[in-house]
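The values are calculated or read from the model by the stated rules, or taken from the named source; none is laboratory data. Predicted, not measured: the structure shown is a model, and the values here were computed from it. Virtual Cβ from ideal backbone geometry, glycine too; neighbours counted across all protein chains shown. Just so you know, the surface numbers come from the protein's heavy atoms only, side chains and all, with ligands and any DNA or RNA stripped out. Shrake-Rupley method; radii C 1.70, N 1.55, O 1.52, S 1.80 Å.
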Amino acid sequence: MVAFSSLLVALWVGSVGASLLPDLEFEWCGPNNQATRKEWGELTSAERIEYTDAVLCMQKQPQRLPREEFPGVRNRFDDFVATHINYTLNIHYSGLFLPWHRHFLWLWETALQDECGYNGQLPLVNPSVYFSQTDNISYWNWPYWANNLAASPLFDCSASSLSGDGEYNPEEQSIQGGSVTLPRGTGGGCVRCGPFKDMELHLGPFSRALTSFTEIPAPAFDYNPHCFNRSLNNFVSTNYNNETIVDRLLASTDIIDFQTVMNHWPPNAEGVLGVHGGGHFSIGVTLQDLFASPQDPAFMLHHGMIDRLWGQWQTRDERRRRFALNGTSTILDPPGGIPVTLDTEMQFGVLDRPRSIRDSMDPTGGGYCYSYT
Ligand SMILES: *[C@@H]1O[C@H](CO)[C@@H](O)[C@H](O)[C@H]1NC(C)=O
Ligand SMILES: *[C@@H]1O[C@H](CO)[C@@H](O)[C@H](O)[C@H]1NC(C)=O
Ligand SMILES: *[C@@H]1O[C@H](CO)[C@@H](O)[C@H](O)[C@H]1NC(C)=O
Ligand SMILES: *[C@@H]1O[C@H](CO)[C@@H](O)[C@H](O)[C@H]1NC(C)=O
Ligand SMILES: *[C@@H]1O[C@H](CO)[C@@H](O)[C@H](O)[C@H]1NC(C)=O
Ligand SMILES: [Cu+2]
C-alpha cells in the first residue's frame, strides 16, 4: 500500500511540476529512460523483497479469466499461469519460443507495476506513448550459482530469496532421458521457508510423460490445490548451465544453432536438456512442469536470463540476427507446421491483444525499453 500512496503523491507532484512534461513527452527509448534488469545478486535485500512482495501481491489480486471456465484460476498470478498452459503446445521447442516469452516477461513486469505498485516509480512518460515503463524485473545468471544453488541469494531460503529447496522427499527418483541419467536433487517435497513458504498452487501438475502434443492434457485448468515443490540439483546446474555452455550459446552462428544450444545440447545426442531445460530441471518439480512452471517464482528470472542471452546474441550482429527466426507455431516443429514470420501474430489470451513477432524482436524497440546488466 505504501507503493500506491507514493505513486499518487508522485502523480500529484508531476501535475504541479508541469514544466517537466514537454521534455519527457517525446522521449523515445534511450539510455535515460531504459529500465535495467539486474541479476538477483546485484539487487539490494530491500529491492529483492520489493519484488517478492509484488509477486505475493499478484496472488491477492482478482483473476480476469472466468472462474466457471477456469476453476483452477484463483487470482491474477494464476491468469499468467493459465495463459502459459493454454499456449504451451505452441510456444515451446518452436519458432515462437523466444519472442513469446520475451513479451510474456514484459507483460508480467508491467502488471507488477500497474497492479501491484512494483518499484513505485513515477510514470515519467506520456501515457499515450505505447509500451513505456520504467520498472524492471530481475534475472538469474545461471553460471554464477551453478555449483551451489542452495547457497545462492536466489535459493538460500532467506527473507530476501525466492525461497529455497523443498523438504527432503525420500521417494524422489532420478530422471532418465535417453542414455542420460539425471540424479535426483536434494529436496523433492514442499517448500517450507522464505517468502514463498507454504505457498499453495492451484494449477497442474502435468505429467512429464506426454505421449501426444495435440491438446492440453489433464488437469488442464482444473482446481488442484497442492504445495510448491522444489528439489535443487547442482548436478544439473553444473552440467547444463555452466559458463562454457553459455559462451557456446553466444557463439552460435545462426538462429538454428542458437535454438539448438538453447533447447537441446549436445546436438544429435540423447541429452535432452539445453540451457533452457537445464534451468528448469535444476530447481525441480514445480519449475520442471512444461505447462504450469510459471507457478515457481523463479520462472520469470530464468526466462529473464534466456531473454538476456538472446538479446546479447542479436546485438552482436544486428544485420543478420536482429530479425532472425526459425521454426513453426507448433511444439517440436512438426512437418507441416506453419513457419513463423515477422508477421505471425502471437496470442496472449486475457493478458494482451495479439502481437506480431516483429514487435518482440528488440528490447529497445517495438515499444520495449529495457536492457540487462
Ligand atoms: C531499475 O532500472 C533503473 C534504471 O536503470 C535503475 O535506476 C534502478 O535501480 C532499477 N531498479 C531495480 C530494482 O533494479
Ligand atoms: C513433489 O514432487 C515429487 C515428484 O513429482 C512427488 O513425488 C512428491 O509427491 C511431491 N511432493 C509433494 C509434497 O507434493
Ligand atoms: C558444461 O556444460 C556442457 C554442456 O552441457 C557440458 O558438456 C560440460 O561438460 C560442462 N562442463 C563442466 C565443467 O561441467
Ligand atoms: C528453419 O531452418 C530449416 C533448416 O535450415 C529450414 O528448412 C526451414 O525452412 C527454416 N524455417 C523457417 C521458418 O525459417
Ligand atoms: C486459449 O487460446 C485460445 C486461442 O488463442 C483463446 O481463444 C483462449 O481465450 C485462450 N484461453 C486462455 C485461458 O488463455
Ligand atoms: Cu514457457
Where only protein heavy atoms count, and the probe is 1.4 Å, what is the accessible area per residue for segment 2-372 in Å²?
43
Nearest 20 debye, what's the magnitude of the dipole of the chain about its Cα centre given +1 on Lys and Arg Cβ and -1 on Asp and Glu Cβ?
240
Segment 309-326 and segment 24-98 have their Cα centres apart by a whole-number Å value of 24
Inter-site label distance for Gln61 and Thr315 at 7 Å from Cα along Cβ, in nm
2.9
Given H placed on each backbone N at 1.01 Å, which residues far from Thr328 in sequence or on other chains put an amide H within less than 5 Å of it?
Gly95, Leu96, Asp333, Val340
Surface accessible to a 1.4 Å probe, Tyr168 within the full protein complex, Å²
150
Report the relative contact order of segment 2-372, percent, no decimals, based on alpha-carbon pairs under 8 angstrom and at least 6 residues apart.
23
Of the accessible area of the chain, computed with a 1.4 Å probe and all protein chains kept, carbon and sulfur make up a percent value of 56
I need the phi-derived Karplus couplings for segment 346-353: 6.51 cos²θ - 1.76 cosθ + 1.60, θ = phi - 60°, integer Hz, Gly and Pro marked x.
8, 9, 10, x, 7, 7, 6, 6
With -39,500 (n - 2.57) per DSSP H segment of 4 or more residues and division by the full residue count of the chain, the 222 nm estimate, nearest 500 deg cm²/dmol, is -10500 deg cm²/dmol
Per-residue HN-Hα couplings for segment 195-210 [Karplus 6.51, -1.76, 1.60; θ = phi - 60°; Hz; x = Gly/Pro]
x, 10, 3, 6, 4, 9, 9, 10, 10, x, x, 9, 6, 6, 8, 7
Packing-based ranking, highest mean first, of 359-367, 202-210 given that Cβ atoms within 10 Å are counted
359-367, 202-210
Cleavage-rule hits, GluC sites (Glu not before Pro), segment 163-207, DSSP coil, Cβ neighbours within 10 Å at most 11
Glu171
